[in-house]
1. Report those strands (runs of 3 or more DSSP E) wholly inside the range 12-73 carrying at least 3 residues which are of a type in the set (S, T, Y) and in contact (Cβ under 8 Å) with a residue 40 or more places away in the chain.
2. What number goes with the only condition from (1) surrounded by 10 or more Cβ atoms within 10 Å (Cβ to Cβ); (2) away from ligand 1 (no atom under 15 Å from the Cβ) that A77 does not pass?
3. In the range 13-32, is there at least one residue being small (G, A, S) and within 16 Å of ligand 1 (Cβ to nearest atom)?
4. For residues that are within 13 Å of ligand 1 (Cβ to nearest atom) and either part of a loop (DSSP other than H, G, I, E, B) or touching a residue at least 24 places away in the same chain (Cβ under 8 Å) (or both), tally how many sit in the range 80-109.
Amino acid sequence: MATLEIDCPVCAEVLELSDADRADLAVGDVIVCDSCSAEMEVTRNGPGEEFELELLGILTVCPACGEEFEVTEDLLAAAPTVESADGSVVSVVGCPHCRARIELEFDDA
Ligand SMILES: [Zn+2]
Ligand SMILES: [Zn+2]
């Protein structure tokens, strides 16, 4: 049985979808990454490699106030990035609850 491998756009974890998994998915369904909890909406589900996802948002728990909030692609696009001490690039987003500045790190973003 063919298995489709999708790289999570956020953490680059490989998500494996078997034919059976894909048969259960319709356009508009949401897949959640096991590793980083990013939510991706299925935008195309055809035969073979015809499969596309759109990143919806990443549920993040604010380390300052403990509230959950969603980091969307738009929010990330607007977020300034800073280089941390070890050379990795992090995005800085503001918590909508307490306004704390939170650094989000992504692999090869
Ligand atoms: Zn992920
Ligand atoms: Zn907060």
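1. On the way: elements: 14-18, 30-32, 38-45, 51-61, 68-71.
In the range 12-73, there are no strands (runs of 3 or more DSSP E) which contain 3 or more residues that are of a type in the set (S, T, Y) and in contact (Cβ under 8 Å) with a residue 40 or more places away in the chain.
2. Failed condition: (1).
3. Start the filter on the range 13-32 by keeping residues that are small (G, A, S), which leaves 18, 20, 23, 26, 28.
Next, from what is left, pick out any that are within 16 Å of ligand 1 (Cβ to nearest atom): none.
Taking every residue of the range 13-32 in turn, none turns out to be small (G, A, S) and within 16 Å of ligand 1 (Cβ to nearest atom).
4. Filtering the range 80-109 down to residues within 13 Å of ligand 1 (Cβ to nearest atom) leaves 104-109.
Then drop every residue that is not either part of a loop (DSSP other than H, G, I, E, B) or touching a residue at least 24 places away in the same chain (Cβ under 8 Å) (or both), which leaves 104, 106-109.
Counting residues in the range 80-109 that are within 13 Å of ligand 1 (Cβ to nearest atom) and either part of a loop (DSSP other than H, G, I, E, B) or touching a residue at least 24 places away in the same chain (Cβ under 8 Å) (or both) gives 5.
Each row is one residue, and each column tells you yes or no for (1) modelled with pLDDT of 90 or more; (2) closer than 23 Å to L76 by Cβ; (3) exposed (fewer than 12 other Cβ atoms within 10 Å of the Cβ); (4) polar (S, T, N, Q).
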position: E13; (1), (2), (3), (4): yes, yes, no, no
position: D24; (1), (2), (3), (4): yes, no, yes, no
position: C36; (1), (2), (3), (4): no, yes, no, no
position: V42; (1), (2), (3), (4): yes, yes, no, no
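The values are calculated or read from the model by the stated rules, or taken from the named source; none is laboratory data. Worth saying up front: this structure is predicted, and the values here are computed from it rather than measured. Cβ atoms come from the backbone with ideal geometry, glycine included; neighbour counts cover every protein chain shown.
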